[in-house]
Amino acid sequence: MELNQYLDIFLEEAKEHLQNLNENLLALETDTQNIDLVNEIFRSAHTLKGMAATMGFEKMASLTHEMENVLDLVRNAKRTVDSNMMDVIFHCVDRLDKMVEMIMSEGHDQVETQDLINQLGAIVTGNKVHNLKGSNLDAPISIEIDEHHKQMLSFDQYEITVLMQSLESNFAIYQIQVILDEESILKSARAFMVFKELENYGEIIKSIPSVEEIENEEFGNDFTIILISKNDQQEIEKAILNISEIQSVQIQNISKDQLVNQSRQEKATNMKKDNEVTSVQNHGQQKKHFSAKTIRVDIERLDELMNLFSELVIDRGRLMQLANEINHVELTDTVEHMSRISSNLQNIILNLRMVPVEQVFNRFPRMVRDLAKELNKKVNLNIIGAETELDRTVIDEIGDPLVHILRNAVDHGLESVEERIKNHKPEAGEITLKAYHSGNYVFIEITDDGRGIHREKVLNKAIEKNLITKEEGNQLTDKQIFNLLFHSGFSTAEKVSDISGRGVGLDVVKNKIETLGGFVSVDSTPGKGTTFIIQLPLTLSIISAMLVQIQREKYAIPLSSIIETAIYKEKDIMYAHKQQVIDFRGHIVPLIPLKQIFAVPDEGIEEEDISVVIVRKGDKMAGLVVDSFIGQQEIVLKSLGSYLPNVFAISGATILGDGQVALIIDTNALIK
C-alpha cells in the first residue's frame with residue numbers, strides 16, 4: 001500500500017476537521033464553560049494529528065499535539081478559556097489551513113510553527129503535569145478482551161504445516177491482535193504502518209481480514225496478524241505501540257499442541273473450520289453489511305457526465321424535429337417516451353451537481369469575528385437558509401463577491417460601539433446572511449442594521465466623478481442613486497484600508513455576479529441599515545430559453561429573463577427622447593431592435609406586426625424587437641471560446657435540433 005493514494009482523502013478530511021474547529025471555536029468563544037464543545041475541539045485536533053502523523057506531515061502533527069495539551073488543561077479544569085487562549089488557537093487553525101494549502105500545491109507542510117508552539121507552551125507553563133489525561137495520546141490503553149479474541153485463529157492444512165516447521169526451527173509464532181483508536185481515520189494506512197513495522201521482526205503468514213480487505217478498508221477497528229519471529233513478545237508489542245492511534249495490542253503464543261489439535265479438527269470437520277474462519281473474519285465488522293448512503297464523486301466525473309448529457313439533449317432536439325417532419329406515429333411515440341425519460345435523467349444529473357451554499361457560508365463567521373476584533377466592533381452574524389442548493393459551478397464563483405460585501409458591511413455599514421450606544425442601538429451590530437429559492441433563481445441577501453447609505457454623499461460623489469449631471473441626479477430615486485455604488489472605481493470611503501478593499505469598488509462584485517447570469521442591487525434606509533440582494537441562476541449548464549428569429553438568423557433568450565412576449569401594432573409605438581417606447585401595463589418600456597444591435601443583414605422579410613420580448617434586469621425593463629417567435633426549448637450553453645472574447649450582448653451559443661447554431665442573448669448587457 002502506498003500512502004500517496006490516501007493524500008486526496010487526507011486533504012478532504014483535513015478541510016472538514018479545520019471547518020469543524022473553526023465552528024466549534026466560535027461557539028466556545030461565546031460559551032466558555034461548555035465542556036462538550038471543548039471535547040469536540042479536542043477530538044478534531046486529535047484526529048487531525050493522527051492523520052498528519054500517518055501521512056508523514058510532522059509539522060502539522062506537532063502543532064496539533066501542542067493544541068491538544070492546551071485543550072486537555074481546559075478539559076480537566078486546570079485552565080479556563082480566555083481571550084488570549086482563543087486568539088492563539090485561532091491562529092493555530094489558520095496556520096494548519098495554510099499547511100493544507102501547502103500540501104495541496106507543493107506536497108509538504110513546511111510552514112513555520114515554532115512561534116505558535118511557543119505561545120501554546122506559554123499557556124501550559126506553570127500547570128503542566130507529566131501524565132495529563134489525554135496528553136500522552138500514543139500511550140497504550142489497557143482494555144479487556146473478550147473470550148472470542150483469546151481463541152486461536154483457524155488455519156488450513158498447508159498453513160499448519162508451515163507453522164509446525166517454524167516451531168521445529170526454534171521460531172515463535174505470535175497471534176497479534178491490533179485494535180485501532182475508535183476515532184482513527186485512514187484505517188488502512190494505519191494498518192499498513194503496522195505491517196511495515198512487523199516485517200522488521202519476522203514473517204507475516206496470515207492476516208484476518210485479508211490484505212485486500214484491509215486495503216479496501218473492509219474491516220472494523222481491529223485486525224489480527226500471525227507472525228513468525230525470533231524476537232521477544234514485549235519487543236514486538238512496544239514497536240507496534242510506538243505507532244500513534246493504536247488503542248491496544250494483544251499478543252499470544254501459539255504452541256505446537258494447539259496446532260496439532262487444530263490439525264485433527266481441520267481434517268475431521270472441514271466445514272466447521274470454514275464456518276469458524278468466516279466467523280473470525282467477520283468479527284467486529286457488522287457494519288460492513290450496511291451500504292453507505294453517500295459516496296464521494298470526483299467533480300470532474302460529474303462535469304464529464306454533464307457534457308455527455310448536453311450532447312444527448314442536442315440529439316434529443318434533433319430527433320424530435322425529425323419525428324415531426326416524418327410524421328410517423330410509432331417514431332413520434334418512441335421519441336416522446338425517450339424525451340420524458342431524458343427529462344427525468346436531466347433533473348437527476350442537475351440535482352447531482354447541486355450543493356448547499358453552506359459550503360461557502362461556513363467560512364464567513366470566522367472572517368466576521370476577526371474583522372470585528374480588528375475594528376473593535378461587536379458583530380453578530382446570523383445565517384439563514386444555508387441548506388439552499390446551487391449549481392457547483394456557481395458555488396465556486398460566489399465566494400469572493402460575498403466576502404467583499406460582508407467586509408464592507410462590517411467596515412462601512414456597522415457603527416462603532418460608542419456610536420451605536422449614542423444612537424440607542426444595541427452594542428452588537430447584526431448582519432444577516434440569507435439564501436432562498438424563488439423560481440429558477442437563488443436569492444442571497446446580506447443585511448446589516450448599521451448607519452445605512454447617505455444618499456447625498458453618494459449623489460455628490462457621482463456628480464463629482466461625472467457619472468451623472470446634477471439635473472439627472474435630482475430625478476433619480478433613492479434606489480437608483482444607491483445603485484451608482486456599482487460603477488467602476490466608485491467609493492465613498494474617506495481613506496483606503498485593507499478592509500475596505502484598497503479602493504476596489506462594488507463594480508467587481510457586480511461584474512462577477514452578471515458573469516454568472518445574475519444581478520445585484522442594493523437598498524438602504526439611513527440610520528437603519530443596508531440590504532444587498534444577489535440573484536443567481538440555479539444552474540449554468542442547461543437552461544430553458546425562448547427561440548426567436550431575426551431575418552434568417554435564430555437567437556435564444558433565457559426564459560428566466562423574460563417577463564412576457566407580446567405583439568404590438570405600429571400605432572402602439574411611441575417616442576420619448578427620440579427613443580421608441582411602448583406602454584406595458586402602465587410602465588414606459590424602451591424598445592431595442594435586435595436587428596440593428598446585431599447588424600443582421602436585411603433579407604427583405606418584413607412583418608406587419610411588431611413582435612416584442614419583454615425582459616427585465618432588476619427593476620428595469622426593455623422590449624427586444626424580433627421578427628418572430630419560434631418557441632420555448634431547453635438548450636445547452638456552449639462557450640464561444642477564447643477566439644471570440646467579449647462579444648457584446650452574447651453570452652454563448654447552442655446547437656439546435658436541425659444542427660444550426662443559435663447565439664444566446666445576454667439581456668443584462670442590453671439593459672443600461
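The values are calculated or read from the model by the stated rules, or taken from the named source; none is laboratory data. In this text, all values refer to a predicted model and were calculated from it rather than measured experimentally. Please note: Cβ atoms are built from the backbone with ideal geometry, for glycine as well, and neighbour counts cover all protein chains shown.
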(request) Could you identify the single residue in Asn460, Asn474 that is more than 16 Å from Val522 (Cβ to Cβ), out of contact with any Pro (no Cβ under 8 Å at 6 or more places or on another chain) and modelled with pLDDT of 85 or more? (result) Asn460
(request) Within segment 154-184, work out how many residues are within 20 Å of Ile236 (Cα to Cα) and not β-branched (Val, Ile, Thr). (result) 12
(request) Go over the candidates Ile588, Ile592, Ile605, Ile614 one by one and state the one that is modelled with pLDDT under 85 and of a type in the set (A, V, I, L, M, F, W, C). (result) Ile605
(message) Considering only residues that are surrounded by fewer than 16 Cβ atoms within 10 Å (Cβ to Cβ) and touching a residue at least 12 places away in the same chain (Cβ under 8 Å), which ones fall in segment 232-254?
(response) Gln233, Glu235, Asn242, Asn253
(request) Within segment 58-79, identify whether any single residue is assigned to a helix (DSSP H, G or I), under 27 Å from the mean Cα position of the chain (by Cα), in the same structural domain as Asp8 (by TED's automatic domain parsing) and more than 27 Å from Gln110 (Cβ to Cβ), and answer yes or no. (result) no
(message) I'd like to check something: does segment 205-226 contain any residue that is more than 35 Å from the chain's Cα centre (by Cα), surrounded by fewer than 18 Cβ atoms within 10 Å (Cβ to Cβ) and not charged (D, E, K, R)?
(response) yes
(request) Kindly establish whether Leu163 is surrounded by 12 or more Cβ atoms within 10 Å (Cβ to Cβ), hydrophobic (A, V, I, L, M, F, W, C), at pLDDT 80 or above and within 36 Å of the chain's Cα centre (by Cα). (result) no
(message) Which condition from (1) surrounded by 13 or more Cβ atoms within 10 Å (Cβ to Cβ); (2) modelled with pLDDT of 85 or more is the one that Asp507 breaks?
(response) (2)
(message) So, in segment 623-672, how many residues would count as being farther than 22 Å from Gly518 by Cβ, at pLDDT 85 or above and surrounded by fewer than 18 Cβ atoms within 10 Å (Cβ to Cβ)?
(response) 5
(message) Looking at segment 620-644 only, could you name the residues that are among the polar types (S, T, N, Q) and assigned to a loop (DSSP other than H, G, I, E, B)?
(response) Ser639, Ser642
(message) Filter segment 186-211 down to the residues that are in a strand (DSSP E or B) and of a type in the set (A, V, I, L, M) and list them by number.
(response) Ile204, Ile205, Ile208
(message) Looking only at segment 451-487, how many residues end up being of a type in the set (D, E, K, R), touching a residue at least 12 places away in the same chain (Cβ under 8 Å) and either part of a helix (DSSP H, G or I) or closer than 26 Å to Asn423 by Cα (or both)?
(response) 6
(request) Would you confirm whether any residue within segment 12-29 is surrounded by fewer than 20 Cβ atoms within 10 Å (Cβ to Cβ), outside any helix (DSSP H, G or I) and more than 22 Å from the chain's Cα centre (by Cα)? (result) no
(message) Take the residues in segment 366-389 that are out of contact with any Pro (no Cβ under 8 Å at 6 or more places or on another chain) and buried (at least 18 other Cβ atoms within 10 Å of the Cβ); name whichever of them is nearest to Gln19 (Cα to Cα).
(response) Arg366
